[in-house]
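Reviewing the structure listed below.
Just so it is clear, none of the values below were taken in a lab; they were calculated from the coordinates. No experiment lies behind these values; they were computed from the predicted model shown. Methodologically, a virtual Cβ is constructed for each residue, glycine included, from the backbone with ideal geometry; neighbour enumeration extends over all protein chains shown.
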Amino acid sequence: MEYQNILLDNQDGVLVLTINREKAYNALNQATLAEMRHVFEKGADEVENLKGIIITGAGAKAFVAGADIKEFIGINEENGRALAQNGQDIFFLIERFHKPVIAAVNGFALGGGCELAMACHMRVAGEKAKFGQPEVNLGLIAGYGGTQRLTQLIGKAKSMELHLTGDMLKADEALSLGLVNYVVPQGEEVAKAKEIIEKIATKAPLAIAKAIACINAHYDETVDGFAYEIAQFQACTTTEDFKEGATAFIEKRKANFKGK
Ligand code: HXC
C-alpha cells in the first residue's frame with residue numbers, strides 16, 4: 001500500500017509512524033485511518049526484527065487534533081455508526097498489537113487524537129502537549145473509545161469532567177492523573193519512547209506479547225483476566241525463551257532470547 005498521510009521510518013526495528021497532515025494538525029481523516037489499519041494488520045509485521053511502534057504527529061503543534069471535522073459534513077444516522085465502529089476497530093488493533101506501541105505526544109491530542117494516544121500501550125508527552133475530549137463542543141461525544149479508555153486510565157470523576165466540559169489537560173496534569181507515563185522536554189518524546197522500546201526489546205518477546213494480552217484482558221468483560229493470566233503463564237513455561245531466561249539467571253549471564 002502506498003501511504004499518503006503517514007510516514008514510516010524503521011529505526012533499527014523501532015517503527016516510527018508519523019501522522020503527516022501538519023496543516024490540518026494531523027487530524028484523522030478516513031484515508032489516514034485506512035493507512036494506519038494497513039500498518040497494524042500487515043505492514044508492521046513485514047518489518048524484520050520489529051521491536052515496537054511509536055506513533056507521533058508531524059510538526060511542533062499537534063499530535064492529532066481529532067477526527068477530521070471537515071469530513072463530518074454528511075455524517076448522519078446511517079453512516080455515523082460505521083464511522084465510530086471503523087475507528088474503534090483500528091484502535092483495538094493498536095491496543096492488541098503484540099509488540100509495544102507508544103504514543104509520542106508532541107502537541108494537541110484532542111478527541112480522536114486523545115483516543116489514539118490512549119489506545120497505545122504507553123504515552124510519552126512533550127511538556128507542551130495537551131489532552132482533551134472536546135467533542136461536546138461539536139454536539140458529539142467521543143466515538144473512538146474515549147469514554148471507556150479515559151475512564152480506565154484516570155478514573156470516573158476526572159473522565160466525566162473532561163468529557164463534559166471539553167477542557168484540556170496540560171502535560172504535567174496528565175502525568176499526575178496517570179494518563180501519561182512520562183513528560184519530557186518538548187521534542188524529546190520520540191527519543192524517550194524509543195528508549196522504552198529498546199529496553200523492552202531485551203526481554204522475551206513471547207512473554208511481552210502475553211503480558212500485553214493479559215493486561216488488556218482486565219478490560220474485556222468476556223474474559224476472566226485471572227484465569228487468562230494462568231493460561232498465558234502456563235504457555236510461557238513451554239517456550240525456549242523461558243528455559244533460556246531461567247538458565248541464564250542461574251549461570252549469571254545475559255539471556256539470549258529468540259522469541260521461541
Ligand atoms: C480538521 C483541523 C482539526 C480537526 C485543527 N484543524 N483541528 N482540521 N479537523 N479536528 C485545522 C484547522 O482547521 C486549521 O486549518 C489548522 O488545523 C490549525 O488549526 P487552528 O484552529 O487555526 O489552530 P489553533 O488556533 O492553534 O487551535 C488549535 C486547536 C483547534 C485547539 C487544536 O484547531 C481545535 O479546537 N481543533 C478541533 C479539535 C477538536 O474538536 N477535536 C475533536 C474532533 S471530533 P485551516 O486550513 O482551517 O487553517 C473527534 C471525534 C472522534 O475527534 C470520534 C469520531 C467517531
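Considering the chain as a Gaussian network with a 10 Å cut-off on Cα pairs, which listed residue, THR56, THR18, THR151, attains the greatest mean-square fluctuation? The residue that fluctuates most here is THR151.
Kirkwood Rh, the chain, all Cα pairs: how many Å?
Numbers: mean 1/r = 0.0525 Å⁻¹.
For the chain, inverting the mean 1/r across all distinct Cα pairs yields 19.1 Å.
Under the combined filter of DSSP loop state and at most 16 neighbouring Cβ atoms within 10 Å, region 21-75 retains these GluC sites (Glu not before Pro): GLU48. The chymotrypsin sites (Phe, Trp or Tyr not before Pro) of region 172-260 that meet both conditions, a loop assignment by DSSP and at most 12 other Cβ atoms within 10 Å of the site Cβ, are TYR219.
Counting Lys and Arg as +1 and Asp and Glu as -1, each charge on the Cβ, what is the dipole of the chain about the Cα centre in debye, to the nearest 20?
660
Among the GluC sites (Glu not before Pro) found in region 177-255, those both in a DSSP coil and sparsely packed, with 12 or fewer other Cβ atoms within 10 Å of their Cβ, are GLU221, GLU251. For region 128-260, the average shadow cast by the Cα convex hull is 11.0 nm², which is a quarter of the hull's surface. Comparing ALA65, ALA129, ALA235 in a Gaussian network model of the chain, where Cα atoms under 10 Å apart are tied by springs, the biggest mean-square fluctuation is seen for ALA235. Spin-label model, LYS170/ALA31: points 7 Å from Cα along the beta carbon direction are separated by 3.7 nm. Between ALA235 and HIS38, residue separation times 0.36 nm minus the direct Cα-Cα distance comes to 68.0 nm.
Here r is the Cβ-Cβ distance between HIS98 and LEU7 and R0 is 22 Å; the resulting FRET efficiency, rounded to 0.05, is 0.45.
Shape call for region 165-232 from the C-alpha gyration tensor, a ≥ b ≥ c root eigenvalues: rounded (a/c under 1.5), prolate (a/b greater than b/c) or oblate? Judged from the Cα gyration tensor, region 165-232 comes out oblate (a/c at least 1.5, b/c at or above a/b).
Could you tell me which of the pairs LYS170/LYS194; LYS156/LYS192; LYS51/LYS192; LYS51/LYS156 are separated by over 25 angstrom between their Cα atoms in the structure shown?
Pairs exceeding the cut-off: LYS156/LYS192; LYS51/LYS156.
Sort out for me the Cα centre separation of region 168-243 from region 35-87, rounded to whole Å. Taking the Cα centre of each part, region 168-243 and region 35-87 sit 21 Å apart. Scanning the chain for DSSP H helices at least 15 Å long along the axis (C-alpha atoms) with a Kyte-Doolittle mean no lower than 1.0 picks out 205-217.
Just checking the listed ones, GLY13, GLY245, GLY52: in the Gaussian network model of the chain with Cα springs under 10 Å, the one fluctuating most is GLY245.
What you get for region 1-94, charging only the Cβ of Lys and Arg (+1) and of Asp and Glu (-1), is a dipole of about 340 debye around the Cα centre.
Label positions at THR151 and ASN76, each projected 7 Å from the Cα along the C-beta direction, are separated by 3.1 nm. If the segment from GLU161 to ILE250 were pulled out straight at 0.36 nm per residue, it would be longer than the present Cα-Cα gap by 26.9 nm. Quick one, what does Rg over Rh come out to for region 1-105 if you take C-alpha atoms and the Kirkwood Rh? Value, to two decimals: 0.97. One chain, two ends: ASN216 and ALA60. Fully extended at 0.36 nm per residue, the span grows by 53.0 nm beyond their Cα-Cα distance.
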